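One structure below.
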Amino acid sequence: MYLTKVDRTALAIEVYQRLRDAIFDGELPSGARLDVQKIAKTLEVSNQPVKEALNRLALEGLVLIKPRSGTHVRTVSPDDIDHLLTARLMLETFAVKRIRDLSPTDLEALGAWVRRLEHLAEERPFPFMAYNEADVAFHESLIGLSRNPVLLRLYRSLHAHYVTARGYYQTANEKTIANEADHRKIFEAVRAHRFKDAERIVTTHILAAKAALMPFQEDLG
């Protein structure tokens, strides 16, 4: 039947993806005000899916919602990037040090994300947003191996992957491919219980991300 209820969740996801893409490609620049009614009119939807999309973007650290001040695309300074990646480095290396009991299910889950990342890295055109989501999942799975739910919540609250990914967007292919092999190296080290090696690779992986973002940090603000 044609006259069936529209899936509001699916509509909110579509609006979210449109807005997220606009933020990453600069159509909605840092500091841009996001008016719910204007967005709804432009996309020819009601206000509700726009509000839901903006709430999700806020949870990812891409927009800021302030009562009486409105909603804006988050402005990120070079210091913000430095602090985010430093915190991410501390949390990930701390988690790796605490990996002990690994089940076959743990390793299969982590390995699946490695294979997913490798597959996406080969696709053309490069699917940056899908790759970034898989990258988030890989590193969250790694943190999860510490068996510390508080640590995982802290890591997720950084939104480091989403915020810093804005700096990679224009040169996404070359920057991600350069460090892609690190994911398999981390996985192989963890699988072999070579946790010091895993910690070392995680460190170089995040420091490489820091170095790669330096030329783009001013563009993020």
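Values quoted throughout were computed directly from the atomic coordinates according to the rules given, and no laboratory measurement underlies them. Because the structure is a prediction, the values reported are computed rather than measured. FYI the Cβ positions are ideal-geometry reconstructions off the backbone, even for glycines, and counts take in every protein chain you see.
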Given Cα pairs under 8 Å that are at least 6 residues apart, what percent is the relative contact order of the chain?
24
Over the Cα atoms of the stretch 69-125, what is the Rg over Rh ratio if Rh follows Kirkwood?
1.16
Where the eigenvalues come from the Cα gyration tensor of the stretch 78-220, what are the semi-axes √(5λ) of the equivalent ellipsoid, largest first, in whole Å?
24, 18, 13
Distance (nanometres) between label positions extended 7 Å along Cα→Cβ at ARG200 and THR75
4.3
Give me the distance in nm between label points sitting 7 Å out from Cα along the Cα-to-Cβ direction at ASN179 and LEU207, one decimal.
1.3
Among HIS83, PHE126, LEU59, the residue whose Cα sits farthest towards the positive end of the charge dipole of the stretch 34-142 (+1 at Cβ of Lys and Arg, -1 at Cβ of Asp and Glu, taken about the Cα centre) is LEU59
Proxy exposure order for LEU64, LEU102 (fewest C-beta within 10 Å first) is LEU102, LEU64
With r defined as the distance between the Cβ atoms of GLU27 and ALA112 and R0 fixed at 35 Å, what FRET efficiency is calculated, to the nearest 0.05?
0.55
Label model pair GLU188, ARG98: point-to-point distance (7 angstrom along the Cα→beta-carbon line) in nm is 2.9
Relative contact order (%) - the stretch 8-73, alpha-carbon pairs under 8 angstrom, separation at least six:
41
The chain - mean residue ellipticity at 222 nm from DSSP helices (-39,500 (n - 2.57) per run, n ≥ 4, rounded to 500)
-23000 deg cm²/dmol
